[in-house]
Amino acid sequence: MLDVGVIGGGPGGLFLARLLLMRGIADRVHVRERNPVGATFGFGIVFSDRTMSALRAADPETHDRIVAASRSWRDMEVRVGGRELRYGGYGFTAIARRTLLDILQEQALASGARIDHLTEADAADLCAEHQLVVAADGVGSATRSAREGAFGTKVEEGSAKFVWYGTTAPTQRVTFPFVKTAFGVFAAHTYPFADGISTFIVETDEQAWRAAGMDVSTERVNSTGGSDEYSQQLMEEVFADHLKGHPLLVNNSRWANFRVVRNRVWWHDNLVLLGDAAHTAHFSVGSGTKLAMEDAIGLTDALGEWSGSGGRRTVTPADLAPAFKSYEEARRPEVARTQRLAAPSMRWWETFAQRVDRDPARFGFHFLTRTPAISLAGLRRRHPERIAEAESAFVVEAGSLGVAAAGSDTSAVEGSTPHASAFPLRLGETILRNRMLSVVPPSPGQSDVCVAHALTGNSLVLADWSGSARQHVTRVGPAAGEEWRTAVHEAGLAGASIGAVVSGEGIREQPPERLLEMPVLVLLLDEPTPGTFARTVAALPPREAGRQILIGLTCPDGPPTRQYADQLSDCASAAASAGAAGIHLRLPEPAASTESAPGVGEDPWTVVLELADRLRTESGLPLIIDAVGGWALDAPGHTADNWPARLHTALVAGRVDAVASFPLTPSTR
């Protein structure tokens with residue numbers, strides 16, 4: 001059996017000590033915690049039904065004690081624009097952090113663990129003293145920081161500000177109130193975790209935080225464990241309608257930015273990371289405590305398999321490597337999945353102020369679909385009335401354009417609402433009869449393709465004179481290019497609006513005059529900068545009355561860096577200021593013409609939709625996104641998680657406004 005040292009007496013470290021001793025994997029576990037007995041920061045902790053099932057399977061006795069001290073609920077509520085929108089069908093269990101720590105400490109001690117408080121731990125000394133050392137010392141882990149190179153640590157700081165309070169205000173379910181003030185917009189995550197007390201986390205953006213003077217009050221809180229009293233009083237005023245006379249409670253309550261921690265590897269020699277020291281995920285999709293306790297189960301399982309292969313009196317780091325590897329291989333996929341879901345959720349909370357004036361039903365739908373965790377079909381099963389309300393609000397807004405919905409996909413959703421792509425859209429001065437577009441590269445000898453797109457009902461056909469498309473025509477010869485331009489005009493005669501995608505390079509090298517005369521022009525930027533957009537516009541001939549100019553940006557092949565996403569956003573905002581009518585966010589060429597998409601994990605389109613949402617929100621311009629070839633001709637059903645369903649969701653939520661498909665394949669013409 002093993003001699004184990006644990007750095008950090010939080011839930012993950014204490015639960016691990018309990019499991020290792022209870023299963024006979026270790027005969028000595030020594031936990032060192034730098035804070036005094038009973039000291040804890042924050043208030044309630046939330047567990048999902050799935051996590052509670054894992055705890056029950058690992059340690060029924062501890063699970064039952066946690067359940068007995070917890071509160072459970074199944075509904076959540078969004079309060080925005082004077083509405084209270086209830087969404088049911090979710091399972092949560094919440095418990096006071098102090099109560100959870102007391103239970104876990106008692107269980108660990110009962111199993112034979114030694115726990116020393118007010119004890120600083122030096123990892124180097126402990127690694128020499130114990131066969132195995134577990135670093136469970138949190139997001140700011142000094143143990144991890146001392147070996148960042150070995151672990152390959154990366155820490156990303158979010159832009160939103162948050163502060164953790166409690167309150168005695170009565171709360172029956174997890175509730176999200178959004179409040180507009182003279183400083184900006186503030187929102188809260190509040191949920192009950194014990195009789196008469198709830199957690200109350202407030203978030204806002206940095207601009208509102210500074211406008212309210214809370215940057216100054218934050219700097220004044222110098223003492224360890226101190227709270228920002230000015231912010232406490234101000235937030236009581238901001239959320240007075242929701243607190244109903246009850247105070248906000250503080251416990252080391254000061255503003256901070258959430259930090260996302262990732263490590264290339266989770267172990268080095270005989271030292272292994274657990275919980276927040278190894279990884280973090282934004283609290284809007286689950287707690288770090290949940291992940292830490294699940295890590296404790298995973299590490300125990302891995303060590304149990306390893307120790308079962310033969311007892312050892314002398315254990316070297318090399319001996320432990322197989323167990324550490326097994327632990328990481330088992331846990332990393334689940335952690336990665338949680339982080340993938342948490343990333344768009346965290347960024348949603350960083351930008352909610354820019355959407356709070358939208359129709360409440362559509363705002364709530366946008367909130368529900370901020371991650372791809374639940375499909376449209378799943379949302380319909382859980383709360384069909386709320387989804388129908390959001391769709392109705394979308395239809396009313398689109399119907400205000402006074403154009404009858406028309407398109408190739410007008411099948412009813414649950415017998416009522418057509419696919420969102422069937423409704424009209426305003427692009428500057430142009431009103432499209434539906435939200436289905438086509439981007440058609442030149443096809444010498446196949447000039448009927450453009451007309452085919454128009455006849456299938458697409459409201460806008462864009463002739464692609466950018467990049468490889470332009471080079472292809474140049475190689476084939478001018479006659480092919482002329483044939484193609486003529487076909488585009490014939491598509492216009494078939495009922496579609498017509499336009500062209502041109503690059504700045506193409507305009508400067510070989511101006512395609514007839515294409516530049518088209519009613520809609522998408523300027524694809526060679527380099528996505530505001531200056532590039534201005535130079536490209538300046539290179540155009542005088543603008544004709546009624547011609548709409550859109551900005552064309554290319555999504556990277558994979559998740560964009562924050563710097564690149566900021567660059568695209570700046571460019572989109574500059575285009576809006578210059579009078580652009582919309583944005584066309586294009587996929588990389590290989591992804592655009594196949595049924596695959598950029599490599600971003602198990603849900604590759606999440607990053608594309610998230611980037612589109614950001615550009616749309618920050619620029620205020622309609623957003624067109626590419627889709628896989630022939631999507632509009634798929635079976636139109638919405639009841640599965642297929643492409644029509646995903647695109648319908650994005651359109652109703654307001655993440656995108658129109659969808660451009662690439663050429664029809666021979667099998668779908």
Scan region 227-248 and give yes if some residue there is assigned to a loop (DSSP other than H, G, I, E, B), open to solvent by less than 10 Å² (accessible area, probe 1.4 Å) and either in contact (Cβ under 8 Å) with a residue 24 or more places away in the chain or in contact with a Lys or Arg (Cβ under 7 Å, 6 or more places away or on another chain) (or both), otherwise no. yes
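Here's the yes/no breakdown for (1) open to solvent by 20 Å² or more (accessible area, probe 1.4 Å); (2) of a type outside the set (Val, Ile, Thr); (3) part of a helix (DSSP H, G or I):
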site: 260; (1), (2), (3): no, no, no
site: 272; (1), (2), (3): no, no, no
site: 303; (1), (2), (3): no, yes, yes
site: 314; (1), (2), (3): yes, no, no
site: 324; (1), (2), (3): no, yes, yes
site: 327; (1), (2), (3): no, yes, yes
site: 330; (1), (2), (3): yes, yes, yes
site: 338; (1), (2), (3): no, no, yes
Residues satisfying the stated conditions in region 128-152, i.e. open to solvent by 60 Å² or more (accessible area, probe 1.4 Å) and closer than 25 Å to residue 25 by Cβ: 128, 129
Filtering region 508-520 down to residues that are in a loop (DSSP other than H, G, I, E, B) and modelled with pLDDT of 70 or more yields 517, 518, 519
Answer yes if at least one residue in region 228-241 is of a type outside the set (Asp, Glu), in contact with a strand residue (DSSP E or B) (Cβ under 9 Å, 6 or more places away or on another chain) and within 19 Å of residue 139 (Cβ to Cβ), and no otherwise. no
Those residues of region 162-195 that are open to solvent by less than 40 Å² (accessible area, probe 1.4 Å), under 18 Å from residue 80 (Cβ atoms) and either part of a strand (DSSP E or B) or of a type in the set (Lys, Arg) (or both) come to a total of 13
The residue that is modelled with the lowest pLDDT, considering only those in region 284-298 that are in contact with a helix residue (DSSP H, G or I) (Cβ under 6 Å, 6 or more places away or on another chain) and of a type in the set (A, V, I, L, M), is 285
Positions within region 50-100 being within 22 Å of residue 284 (Cβ to Cβ) and open to solvent by 70 Å² or more (accessible area, probe 1.4 Å), in sequence order: 50, 72, 74, 83, 84, 86
Exactly one condition in (1) part of a loop (DSSP other than H, G, I, E, B); (2) out of contact with any helix residue (DSSP H, G or I) (no Cβ under 7 Å at 6 or more places or on another chain); (3) open to solvent by 30 Å² or more (accessible area, probe 1.4 Å) is false for residue 219; which is it? (1)
If I filter region 200-214 down to residues being more than 23 Å from the chain's Cα centre (by Cα) and touching a residue at least 12 places away in the same chain (Cβ under 8 Å), which single residue comes out as surrounded by the fewest Cβ atoms within 10 Å (Cβ to Cβ)? 213
For region 118-127, indicate whether the set of residues that are surrounded by fewer than 15 Cβ atoms within 10 Å (Cβ to Cβ), over 37 Å from the mean Cα position of the chain (by Cα) and assigned to a helix (DSSP H, G or I) is non-empty. yes
Looking only at helices (runs of 4 or more DSSP H) that lie completely in region 577-668, which have at least 3 residues being at pLDDT 80 or above and not aliphatic (A, V, I, L, M)? 606-619, 643-653
Residues located in region 521-530, provided they are modelled with pLDDT of 75 or more and under 30 Å from the mean Cα position of the chain (by Cα): 522, 523, 524, 525, 527, 528, 529, 530
Can you go through 257, 251, 222 and tell me which one is touching a Gly at 6+ places or on another chain (Cβ under 8 Å) and farther than 24 Å from residue 355 by Cα? 251
When residue 267 is run through (1) more than 24 Å from the chain's Cα centre (by Cα); (2) under 30 Å from residue 341 (Cβ atoms); (3) surrounded by fewer than 20 Cβ atoms within 10 Å (Cβ to Cβ), the failure sits at (3)
Step by step: first the residues of region 422-454, then only those that are modelled with pLDDT of 75 or more and part of a loop (DSSP other than H, G, I, E, B), then the one that is farthest from residue 661 (Cα to Cα). Which residue is that? 429
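Residue-wise test of (1) open to solvent by 30 Å² or more (accessible area, probe 1.4 Å); (2) part of a helix (DSSP H, G or I); (3) aromatic (Phe, Trp, Tyr).
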residue: 344; (1), (2), (3): no, yes, no
residue: 358; (1), (2), (3): yes, no, no
residue: 363; (1), (2), (3): no, yes, yes
residue: 371; (1), (2), (3): no, no, no
residue: 377; (1), (2), (3): no, yes, no
residue: 391; (1), (2), (3): no, yes, no
residue: 401; (1), (2), (3): yes, no, no
Examine region 566-573 for a residue that is of a type outside the set (Ser, Thr, Tyr), at pLDDT 75 or above, open to solvent by less than 10 Å² (accessible area, probe 1.4 Å) and part of a loop (DSSP other than H, G, I, E, B), and state whether such a residue exists. no
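The values are calculated or read from the model by the stated rules, or taken from the named source; none is laboratory data. Being a predicted model, the structure only gives us computed values, none of them experimental. Ideal geometry is used to build each Cβ from the backbone, glycine not excepted, and the neighbour counts take in all protein chains shown. Quick note on the areas: whole protein, heavy atoms, side chains included, nothing else; ligands and nucleic acids left out. Shrake-Rupley method; radii C 1.70, N 1.55, O 1.52, S 1.80 Å.
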